[in-house]
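The values are calculated or read from the model by the stated rules, or taken from the named source; none is laboratory data. It should be emphasised that the depicted structure is a prediction, and the values quoted were computed from it without experimental measurement. Cβ: placed from backbone, ideal geometry, glycine included. Neighbour counts: every protein chain shown.
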Amino acid sequence: MSIAKKITSLLQEIPQHVELVAVSKTKSNEDIMEAYNAGQRVFGENKIQDMTRKQEELPKDIQWHMIGHVQSNKVKYMAPYVALIHGVDSLKLLKEINKQAKRNNRIISCLLQIHIAKEDSKFGFSAEECHQAIQMATTLSCVQIKGLMGMASFTKDQKQISEEFAGLKTLYDQLIEQNTSLEILSMGMSGDFPLAIAQGSNLIRVGSRIFGPRSY
């Protein structure tokens, strides 16, 4: 099945309120353009230098999302154009994004990454640290916390994955009750997005289901 047909099929499969981020990391401009010509406008990359190169070469109405772990010293390269940074996992990073956004006369939208997996290798704030980060963000004029993001454990245990997603949804709901202006709950990737949507995700990141296996 072509990339265009996969995009169309996926958009029919997911509810209308769920936004699809096509994960284009390691993929060619030609592959991205095939998805673009099928109507996809939101793409996710995990390396700032790759994303910046693609941003320069591809249509300007593409929204680029940074979905990988972000090093503070590289924020300046994406600050002029990035639409959403998914993995904000420290106060230091939040301050640096604010600094670079200010330099570019922009307000940069961010998601706070919450550690929900039962794996130490995953990054993210605890629930308590998340409250602190949201409070601190109110003092930063050039960042906007748009929502939360979490990645479930790498396991085949569907019950465990659902429980991890449900825990993040509970935190998200608590924050909304406290009048924070959150809009996005990003959970779910190619392998587990139906479980994530069932637990309340409204933004999913899908790569291999669209572009096929990654070539490194």
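For every residue, the table says whether it meets (1) without any contact (Cβ under 8 Å) to a residue 24 or more places away in the chain; (2) buried (at least 19 other Cβ atoms within 10 Å of the Cβ); (3) out of contact with any Cys (no Cβ under 8 Å at 6 or more places or on another chain).
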position: LEU175; (1), (2), (3): no, yes, no
position: LEU185; (1), (2), (3): no, yes, yes
position: ASP192; (1), (2), (3): no, yes, yes
position: ALA198; (1), (2), (3): no, no, yes
position: VAL206; (1), (2), (3): no, yes, yes
position: ILE210; (1), (2), (3): no, yes, yes
Is one or more of the residues making up region 21-36 in contact with a His (Cβ under 7 Å, 6 or more places away or on another chain) and at pLDDT 95 or above?
-> yes
In region 116-130, is there at least one residue being touching a Cys at 6+ places or on another chain (Cβ under 8 Å), outside any strand (DSSP E or B), basic (Lys, Arg) and touching a residue at least 12 places away in the same chain (Cβ under 8 Å)?
-> no
Filter result (among the charged types (D, E, K, R), assigned to a helix (DSSP H, G or I) and within 24 Å of LEU93 (Cβ to Cβ)) within region 145-168 = GLU164
Can you name the condition, by its number, that LYS169 falls short on among (1) within 19 Å of the chain's Cα centre (by Cα); (2) surrounded by 15 or more Cβ atoms within 10 Å (Cβ to Cβ); (3) at pLDDT below 95; (4) not aliphatic (A, V, I, L, M)?
-> (3)
Please work out if THR170 is hydroxyl-bearing (Ser, Thr, Tyr) and closer than 30 Å to ASN105 by Cβ.
-> no
